[in-house]
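Here is the structure we will look at, set down as structure tokens.
The values are calculated or read from the model by the stated rules, or taken from the named source; none is laboratory data. Note that the coordinates shown come from a computational prediction; the quantities given were computed from them, not determined experimentally. Cβ atoms come from the backbone with ideal geometry, glycine included; neighbour counts cover every protein chain shown. Note: accessible area is taken over every heavy atom of the protein model, side chains too, but ligands, DNA and RNA are not part of it. Shrake-Rupley method; radii C 1.70, N 1.55, O 1.52, S 1.80 Å.
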Amino acid sequence: MNPVNYLYLSALLFTIGAAGVLIRRNAIVVFMCVELMLNACNLAFVTFSRLHGNLDGQIIAFFTMVVAAAEVVVGLAIIVSIYRTRHSASVDDANLMKL
Amino acid sequence: METLIGLLVAAPLLGAGILLTGGRRLDRTGHLIGTLLALVSFAFAVVLFADMLGKDTAQRTLTSHLWTWVPVEGFQAQVGFQLDQLSMTFVLLITGVGSLIHIYSIGYMAHDERRRRFFGYLNLFLAAMLLLVLADNYFLLYAGWEGVGLASYLLIGFWQHKPSAATAAKKAFIVNRVGDIGLSIGIMLMFTTFGSFAFADVFPKVAQASGTQHATVTGIGFMLLLAACGKSAQVPLQSWLGDAMEGPTPVSALIHAATMVTAGVYLITRSSAIFNAAPDAQTAVVTVGAVTLLFGAIVGCAKDDIKKALAGSTMSQIGYMIMAAGLGPIGYVFAIMHLVTHGFFKAGLFLGAGSVMHGMNDEVDMRRYGALRSYMPITFVTFGLGYLAIIGFPGLSGFFSKDKIIEAAFAKGGGEGWILGSAALLGAAITAFYMTRVMIMTFFGEKRWQPDAEGHEPHPHESPATMTVPMIVLAFGSVFAGGLFSINSAFVKWLEPVTGHSEGNSPVSTATVTAGTMVVLVVGVALAWAMYGRRPVPAVAPRGSLLTRAARRDLLQDDFNHVVLVRGGEHLTRSLVYLDHSLVDGVVNGTAASVGGLSGRLRRVQNGYVRSYAVSMLGGTALVVAATLLMRAV
């Protein structure tokens, strides 16, 4: 199978993720979309690793996973604490950071 | 002998230094130190004069180079002195009359607790004035010129606790400043055109100037005239002299009669080479002189303040000198001759006025004098001799010097000569009128004495010997100086090597001029007698005609200055302030406001919605990626 197809898939996933981040209001869903974008990137990295015949891309994919895991921990904690104080998980309700 | 020239200036300068820094310790002796050093300076002057008389005419000029003041490549300012016949005349007048006035001030200022300081200023004035007339270049002359201005400021405002004196001092200083600017511009022009400001370098080059240089010489002439107008109180810079009478009377005698105001005449005579080469500037000089001699005389007629009447007279007499100096080689010698005789009789008149004030509780209004001749016999006689000298009574000093000027004015030739000559004759008539008026109102008629503000009745008495002796000496000068100078044309021969002299072709003979001056003299005196001697003088000034009222206000000179200069200046500053507020501040504030407005719009972007930030991030990333790809493709 032509490895370039994986790249198309990766782009598709990334686009879905980006659209989700921009469109959805629920913080959890937005968060999942971010994960989707990260994983789309991982797929692209692995594909390029395969195409070029070296392991750099795979190594970076592991890094990405580590960062994503850490981010999930922090992000979910924030979302939970926001939900506790504001009784809402909508990202549009948390709009106090403005002039 | 050359060293003596430096010492001549150093002596009064030393006195000023000692007296102004010595502090209270010198309060008891200060006036004696000051007077002694003035007399020392006079003694040096006499020694130098005797030495000069002993030499041949060609070798009379002494020069003495002391040091280089500003040693810059291409700009060498020297401290050097040049003593020739012209400087010598001035040096004798300054130190001689100056010493007499020092002596007079011992008596006049006896009760003033700041007497030491007064003598310090007087010495400072002498030093500056000597520097002015002895300098061998314009740069050093300028230093003396400014020094004289400073000393005059300090002395006019000596009684600074009186607001009027403080204001008068400031007025004199500021008006003089205008003239000083003329002098400094003239010197700068001189330097850029001829590359030097030493008399010895500039004058030969002026004579050879042609084309644009010639135009510059005319410009220099005008600038020097402006300077002379400031220092010598000539129209249009005359307004300070009347107010300067706020100073103590010896100051009025020294500065505003005998010496400082003659600095302008000195400057023009010294720069004769420049004026001879610039006929247009000369015309301006004679015009200024002729206008001022009538202006001052008319003002003198209307003043009831004895010192201000004399101030008007000073202005008028200096006008004669300036006019004579503007006539060129036919007039220079007579300008200086009149200057010297005027120095004697005007100083004498002022000292007499001071003596009268001294006896009358410092009253200056002549309408409150009267019948003083028997109470102050010495003052009366010396003042009277000064009076006869100034109106040109035959045989006295003023007769010889003023007649010569009138004759020279006619000798200018053409219509100009007739106009100038008639102006000078008319001036002589008015002089006779106002001086007779002063004389009658002060010494003759009824007693019109009034108690002063504190209710003290005046008890007129003769002044102490320190005051009367200088007056007597000056009276001798008033009587004999002119005659001595005229024996065998001694004064003309003395000054001719420096200023040059030519006998003009007068369309009117000497005898006619003399007869003319006699006629106008008699008319002036008779008119004054008819108005003030024949009937009693009212104690309160009558309203008077339009001209009288204008003359009382110094012919509206202050009003003119106020309307044209003060108001004009106010309008100028107001419009500049408006411009500053609208244009400069407008640009500055406008920039700030537009930046503020723009950022106000821009901050709406910070709406707090995470998703919109995400959009901008995505857009930015897309933009960067697109740009990168585009660069690749290219």
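Criterion first (within 30 Å of B:Leu237 (Cβ to Cβ), away from every other protein chain (no Cβ under 13 Å), of a type in the set (A, V, I, L, M, F, W, C) and open to solvent by less than 70 Å² (accessible area, probe 1.4 Å)) does B:Val577 satisfy it?
For B:Val577, the condition - within 30 Å of B:Leu237 (Cβ to Cβ), away from every other protein chain (no Cβ under 13 Å), of a type in the set (A, V, I, L, M, F, W, C) and open to solvent by less than 70 Å² (accessible area, probe 1.4 Å) - is not met.
Determine whether B:Ala335 is surrounded by 24 or more Cβ atoms within 10 Å (Cβ to Cβ), over 15 Å from the mean Cα position of the chain (by Cα) and in a helix (DSSP H, G or I).
yes
Exactly one of these conditions fails for A:Ser81: (1) open to solvent by less than 70 Å² (accessible area, probe 1.4 Å); (2) among the polar types (S, T, N, Q); (3) within 24 Å of A:Asn5 (Cα to Cα). Give me its number.
Of (1) open to solvent by less than 70 Å² (accessible area, probe 1.4 Å); (2) among the polar types (S, T, N, Q); (3) within 24 Å of A:Asn5 (Cα to Cα), only one is false for A:Ser81: (3).
Can we say B:Asn607 is open to solvent by less than 90 Å² (accessible area, probe 1.4 Å) and among the polar types (S, T, N, Q)?
yes
Starting from residues that are within 14 Å of chain B (Cβ to nearest Cβ) and open to solvent by less than 50 Å² (accessible area, probe 1.4 Å), keep the ones in segment A:1-20 and report whichever is nearest to A:Ser88 (Cα to Cα).
Top of the filtered list is A:Gly20.
Among the candidates B:Val605, B:Val610, which residue alone is without any contact (Cβ under 8 Å) to a residue 24 or more places away in the chain, in contact with an Asp or Glu (Cβ under 9 Å, 6 or more places away or on another chain) and within 14 Å of chain A (Cβ to nearest Cβ)?
Details: B:Val605 fails: in contact with an Asp or Glu (Cβ under 9 Å, 6 or more places away or on another chain).
Only one candidate qualifies: B:Val610.
Find the residue count for segment B:572-592, including only residues that are closer than 22 Å to B:His562 by Cα and small (Gly, Ala, Ser).
The qualifying residues number 1.
Sort through B:Thr57, B:Thr35, B:Thr21 and tell me the only one that's over 26 Å from the mean Cα position of the chain (by Cα) and in contact (Cβ under 8 Å) with a residue 60 or more places away in the chain.
B:Thr57
Are any residues in segment A:63-82 away from every other protein chain (no Cβ under 14 Å), without any contact (Cβ under 8 Å) to a residue 40 or more places away in the chain and not polar (S, T, N, Q), and if so, which ones?
Correct list: A:Phe63, A:Met65, A:Val66, A:Val67, A:Ala68, A:Ala69, A:Ala70, A:Glu71, A:Val73, A:Val74, A:Ala77, A:Val80.
Any residue that is open to solvent by 20 Å² or more (accessible area, probe 1.4 Å), within 22 Å of B:Ala258 (Cβ to Cβ) and either of a type in the set (Ser, Thr, Tyr) or at pLDDT 85 or above (or both) - is there at least one of those in segment B:343-355?
Checking segment B:343-355: at least one residue is open to solvent by 20 Å² or more (accessible area, probe 1.4 Å), within 22 Å of B:Ala258 (Cβ to Cβ) and either of a type in the set (Ser, Thr, Tyr) or at pLDDT 85 or above (or both).
Test each condition in (1) without any contact (Cβ under 8 Å) to a residue 12 or more places away in the chain; (2) open to solvent by less than 80 Å² (accessible area, probe 1.4 Å) for B:Asn561 and report the one that comes out false.
Status for B:Asn561: all satisfied but (1).
Read through the list (1) under 18 Å from the mean Cα position of the chain (by Cα); (2) open to solvent by less than 30 Å² (accessible area, probe 1.4 Å), then give the number of the only condition that B:Met190 fails.
Checking B:Met190 against (1) under 18 Å from the mean Cα position of the chain (by Cα); (2) open to solvent by less than 30 Å² (accessible area, probe 1.4 Å), the one that fails is (1).
Got at least one residue in segment A:87-99 being without any contact (Cβ under 8 Å) to a residue 12 or more places away in the chain and of a type in the set (Val, Ile, Thr)?
Within segment A:87-99, none of the residues are without any contact (Cβ under 8 Å) to a residue 12 or more places away in the chain and of a type in the set (Val, Ile, Thr).
Among the candidates B:Phe480, B:Phe491, single out the residue that is assigned to a helix (DSSP H, G or I) and open to solvent by 50 Å² or more (accessible area, probe 1.4 Å).
Step by step, each of B:Phe480, B:Phe491 is checked, and only B:Phe480 is assigned to a helix (DSSP H, G or I) and open to solvent by 50 Å² or more (accessible area, probe 1.4 Å).
Kindly establish whether B:Val175 is in contact with a Leu (Cβ under 7 Å, 6 or more places away or on another chain) and farther than 30 Å from B:Leu39 by Cα.
yes
Tell me the residue from B:Leu254, B:Leu241, B:Leu226 that is open to solvent by 10 Å² or more (accessible area, probe 1.4 Å) and either touching a residue at least 24 places away in the same chain (Cβ under 8 Å) or under 11 Å from the mean Cα position of the chain (by Cα) (or both), please.
B:Leu226
Restricting to segment B:364-384, name every residue that is open to solvent by 30 Å² or more (accessible area, probe 1.4 Å), assigned to a loop (DSSP other than H, G, I, E, B) and closer than 21 Å to B:Thr466 by Cα.
We begin by selecting, within segment B:364-384, every residue open to solvent by 30 Å² or more (accessible area, probe 1.4 Å); these are B:364-365, B:368, B:373-375, B:377-378, B:380-381.
Next, only the ones that are assigned to a loop (DSSP other than H, G, I, E, B) stay: B:364, B:373-375.
Listed by number, the residues that qualify are B:Arg373, B:Ser374, B:Tyr375.
Every residue in segment B:119-164 that is farther than 17 Å from B:Val79 by Cβ, under 15 Å from the mean Cα position of the chain (by Cα) and open to solvent by 20 Å² or more (accessible area, probe 1.4 Å), please.
Correct list: B:Leu150, B:Tyr153, B:Leu154.
This table checks each residue for (1) of a type in the set (Asp, Glu); (2) within 18 Å of the chain's Cα centre (by Cα); (3) loosely packed, with under 15 Cβ neighbours inside 10 Å.
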site	(1), (2), (3)
A:Val34	no, yes, no
A:Val46	no, yes, no
A:Leu76	no, yes, yes
A:Thr85	no, no, yes
A:Asn95	no, no, yes
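Suppose we filter B:Ser582, B:Ser599 for residues that are exposed (fewer than 12 other Cβ atoms within 10 Å of the Cβ), at pLDDT 90 or above, within 14 Å of chain A (Cβ to nearest Cβ) and farther than 23 Å from B:Val364 by Cα; which single one remains?
From the options B:Ser582, B:Ser599, the qualifying one is B:Ser599.
Only one residue in B:Val97, B:Val40 is free of Cβ contacts under 8 Å to residues at least 60 places away in the same chain and among the β-branched types (Val, Ile, Thr). Which one?
B:Val40
Condition first: away from chain A (no Cβ under 14 Å) and either open to solvent by 80 Å² or more (accessible area, probe 1.4 Å) or under 60 Å from the mean Cα position of the chain (by Cα) (or both). Now tell me which residues in segment B:613-628 satisfy that.
Scanning segment B:613-628 gives B:Leu623, B:Val624.
In this structure, is B:Ala209 touching a residue at least 24 places away in the same chain (Cβ under 8 Å), aliphatic (A, V, I, L, M) and either more than 22 Å from B:Val265 (Cα to Cα) or open to solvent by 20 Å² or more (accessible area, probe 1.4 Å) (or both)?
Yes; evaluated as a whole, the condition is true for this residue.
Name the one entry in B:Ala539, B:Ala526 that is surrounded by 10 or more Cβ atoms within 10 Å (Cβ to Cβ), modelled with pLDDT under 90 and away from chain A (no Cβ under 14 Å).
B:Ala539
Being under 19 Å from B:Ala528 (Cα atoms) and surrounded by 21 or more Cβ atoms within 10 Å (Cβ to Cβ): is that true of B:Thr442 here?
Yes.
Check off (1) closer than 30 Å to B:Val492 by Cβ; (2) in contact with a strand residue (DSSP E or B) (Cβ under 8 Å, 6 or more places away or on another chain); (3) touching a residue at least 40 places away in the same chain (Cβ under 8 Å) for B:Met52 and give me the number that stays unchecked.
Here B:Met52 clears every test but (3).
Scan segment A:21-46 residue by residue and report those that are under 16 Å from A:Ala68 (Cβ atoms) and either within 12 Å of chain B (Cβ to nearest Cβ) or among the basic types (Lys, Arg) (or both).
Those that are under 16 Å from A:Ala68 (Cβ atoms) and either within 12 Å of chain B (Cβ to nearest Cβ) or among the basic types (Lys, Arg) (or both): A:Val21, A:Val30, A:Phe31, A:Cys33, A:Val34, A:Met37.
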